[in-house]
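These notes concern the structure reproduced below.
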Amino acid sequence: MKPKNIGENTICTHTGEVKDITFKGSVSPIYMSSSYEFMDVDIKRYPRYFNTPNQEYLAKKIASLEHAEAAMIFSSGMAVISTTLLAFLSSGDHIVLQNDIYGGTRNLIEEQFDRFNIEYSFTEGLHVDDFESCIQPNTKMIYIETPSNPLLKLVDIEAVAKLAKSKGVLSVIDNTFATPIIQKPIDFGIDIVLHSATKYFGGHSDISAGALVTSQEHIDTIWNLAKNLGGNLSDFMVWMLERSLKTLSVRVKAQQKNAKRVAKILNKNKAISQVYYPGLKTHPDYKLAKKQMKGFGAMLSFDLAEGLDAEAFLKSLKLIKPSMSLAGVESTMILPALTSHALLTQEDREAQGIKDGLIRFSVGLEETEDIIDDIERAINEIKN
């Protein structure tokens with residue numbers, strides 16, 4: 001049965017299971033071996049080759065969810081990003097990147113690419129023309145992230161994919177915030193889709209992992225470097241990730257429902273000067289979100305009104321956790337200037353519109369009323 005012909009909940013639950021032939025258990029067994037037979041076998045398996053049984057079958061689930069040919073699982077989102085970029089970019093090549101991207105990705109580019117003699121350009125805006133104006137004769141890749149971290153800005157995925165194909169360059173997207181439940185970039189023509197699987201794929205704040213999906217041809221190129229860099233994930237964590245992915249669709253849809261309600265309520269709160277959420281009709285990319293997303297996601301950001309201290313607000317929260325990561329079942333908030341984008345210069349953050357007091361909010365599965373009560377109580381506390 002083709003992946004597109006079965007529902008996402010069915011894919012999450014059943015696709016990519018490792019069958020327990022010996023005992024007929026309903027859960028995939030874990031193959032913890034780091035050493036496998038090499039004679040008279042079709043596949044020489046080795047953890048660093050990304051082909052142990054648990055790695056191989058989980059990749060099928062992720063590829064199916066994204067409507068892709070193949071997938072790979074890594075030890076972190078940054079392992080995926082760095083391996084993918086270096087697999088296709090060599091000395092003298094050039095990459096065009098969206099200006100508003102995850103701080104770790106930007107830090108990798110700005111700190112490491114000069115020593116590899118890889119040229120790069122960050123766009124001034126997010127329109128497809130901004131990307132086209134940066135393309136040079138030696139450009140090999142366009143890299144986007146939509147919705148962006150942390151301001152939830154959107155890029156027209158289909159337009160960028162068409163531009164990349166017209167110029168003969170690869171298109172790559174970080175799809176972490178949306179997940180394949182909300183948008184499937186492969187369907188819009190994107191070549192390679194990346195995820196920090198630590199986030200929604202894991203979903204319980206207890207896994208560090210990364211994933212990518214693309215064509216088998218591109219997988220072969222990435223694997224050729226990945227096997228040498230050694231960014232594979234342990235089989236126990238691969239098994240944990242498969243367990244978590246079984247509830248991906250259910251979790252994301254419930255969190256998204258919460259986020260939309262919370263965003264609308266916060267948008268009316270006079271103690272909050274601005275809410276950044278593509279599901280608000282006041283968001284500049286609302287129409288684009290309706291076009292390319294199946295919903296609006298469970299991430300939002302906001303600025304407190306002038307005079308209200310963001311750090312004091314976070315310390316006053318009782319239910320919502322001030323915590324480094326995102327996308328767990330519990331609601332969390334951070335200050336990007338001190339965490340996800342702390343490695344950027346003040347100038348870079350300001351150029352992206354990231355204020356020191358900006359709060360990024362990962363909406364969890366708690367009751368919406370409890371989330372709002374916690375926020376309003378904390379605001380009232382710092383006002384006094």
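Around D220, under 12 Å between beta carbons, what's the net of Lys plus Arg minus Asp minus Glu among the other residues?
Charge balance near D220 sits at -1.
GluC sites (Glu not before Pro), restricted to the range 305-373: which are DSSP loop and have at most 11 other Cβ atoms within 10 Å?
E306, E367
Please give the peptides 319-327, 39-47 ranked by average Cβ packing (other Cβ atoms within 10 Å per residue), highest first, as a rough proxy for protection.
Answer by packing, highest mean first, reads 319-327, 39-47.
Quickly estimate the mean residue ellipticity at 222 nm for the chain, helices only: each DSSP H run with n ≥ 4 gives -39500 (n - 2.57), and the total goes over all residues, rounded to 500.
-11000 deg cm²/dmol
Test of the criteria: in the range 36-68, which chymotrypsin sites (Phe, Trp or Tyr not before Pro) are in a DSSP loop and have at most 11 other Cβ atoms within 10 angstrom of their Cβ?
F38
Return a whole-number percent for the relative contact order of the range 78-232, with Cα pairs under 8 Å and 6 or more residues apart as the contact set.
Relative contact order for the range 78-232 comes out at 22 percent.
With angles folded into 0 to 90 degrees, how steeply does helix 77-88 sit against the dominant principal axis of the chain? Use alpha carbons for both and round to 10.
60
Between 0 and 90 degrees, rounded to the nearest ten: what's the tilt of helix 157-167 against the longest Cα principal axis of the chain?
The helix 157-167 is inclined about 50 degrees to the chain.
Given R₀ = 30 Å, FRET efficiency for R377-K290 by Cβ-Cβ distance, to 0.05?
Result of the calculation: an efficiency of 0.35.
With contacts defined as alpha carbon pairs under 8 Å and 6 or more residues apart, what's the relative contact order of the chain in percent?
It rounds to 17 percent for the chain.
As a test of the definition: which semi-axes, in Å, follow for the chain when you take the square root of five times each eigenvalue of its alpha carbon gyration tensor? Largest first, please.
34, 26, 19
Could you tell me the distance between the Cα centroids of the range 251-268 and the range 297-313, to the nearest Å?
16
For the chain, take the longest principal axis of its alpha carbons; what is the angle in degrees between that and the long axis of helix 216-229, to the nearest 10 within 0 to 90?
It works out to around 90 degrees.
What is the spread of the Cα atoms of the range 249-383 along each of their three principal axes, largest first, in whole Å?
That works out to 35, 33, 27 Å along the principal axes.
Please list, in chain and number order, the residues 5+ apart from S273 or on another chain whose amide H is under 5 Å from its amide H, with Hs placed from the backbone.
Those lying under 5 Å, H to H, from S273 are D303, L304, A305.
Given a Förster distance of 22 angstrom, what is the FRET efficiency for S90 paired with E111, based on the Cβ-Cβ distance and rounded to 0.05?
Here the calculated transfer efficiency is 0.75.
Readers should treat all values here as calculations from the given coordinates under stated rules, not as data from a laboratory. From a predicted model like this one, the values you see are computed outputs, not experimental measurements. In this analysis, Cβ positions are derived from the backbone assuming ideal geometry, glycine residues included, and neighbour counts consider all displayed protein chains.
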